[in-house]
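The structure appears below as structure tokens.
Read-outs throughout are calculated quantities, based only on the coordinates presented, and are distinct from any laboratory measurement. Because the structure is predicted, anything quoted here is derived from the model rather than measured. Heads up, the Cβs are rebuilt from the backbone with ideal geometry, glycines too, and the neighbour counts pull from every protein chain shown.
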Amino acid sequence: MAQFPQRKSIRLPEFDYSQENYYFITICTYQRNNMFGQIIAGKMYLNDTGKMVENEWHNIPKRFNNVAIDKFVIMPNHVHGIIHIRTFENGKPTVGAIHELPVAPLPDKPNDPALIARAIHESPLRHRIARRQMMLPKIIGYFKMNSSKKINMIRNTPGQPVWQRNYYERIIADDNAYAAIWDYIDHNPDKWENDRNHKL
């Protein structure tokens with residue numbers, strides 16, 4: 001079985017993360033705090049917070065009609081999942097507006113891939129702006145924002161961080177990589193004792 005212990009970002013600086021593809025996603029809680037339940041005998045038992053996260057994960061395709069969720073697992077302090085962005089009109093994914101922190105728009109045509117690529121080279125700030133206008137960051141931003149709001153509501157902790165600021169993604173290159181990642185996600189609870197995210 002393939003192992004994916006590293007959490008080093010392999011984000012490609014000029015890759016358009018709106019393209020049709022399968023993406024392997026890992027999102028960790030703030031300071032890797034255990035929040036979503038516990039693992040007993042290799043099985044994850046979600047608490048109310050974990051169930052809320054699970055519900056928000058299932059809501060992703062309801063918000064983005066060209067996105068499908070695939071294999072996923074919620075662990076005590078992180079989430080692994082496969083997200084499939086599908087192509088619709090003219091080889092481009094349909095991108096809808098979402099409720100997230102506002103950012104300064106890129107000039108003229110903010111969804112133009114050539115403009116995005118050029119902006120990446122201009123400055124770190126414009127790179128971040130360009131990334132936020134890509135589909136995959138929009139999906140993750142939507143998921144994190146809505147789950148955080150609902151978790152803080154039930155904990156009565158408005159504004160408290162729930163997730164780490166960043167997340168980790170890997171482009172799934174082929175069927176073999178897909179099968180290995182699917183298997184890794186499926187067996188993740190079995191490996192919890194040796195997981196680098198395991199926090200007592």
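Round to a whole angstrom and tell me the spacing of the C-alpha centers of segment 35-51 and segment 175-198. That distance is 16 Å.
The calculated FRET efficiency for N65 paired with A41, based on their beta-carbon distance and R0 = 41 Å, is about 0.60.
What does the charge count around V73 come to, taking other residues whose C-beta lies under 13 Å from its C-beta (Lys +1, Arg +1, Asp -1, Glu -1)?
Values: positive: K43, K71, K191; negative: E54, D70, D183, D186, D190, D195.
Summing Lys/Arg as +1 and Asp/Glu as -1 gives -3.
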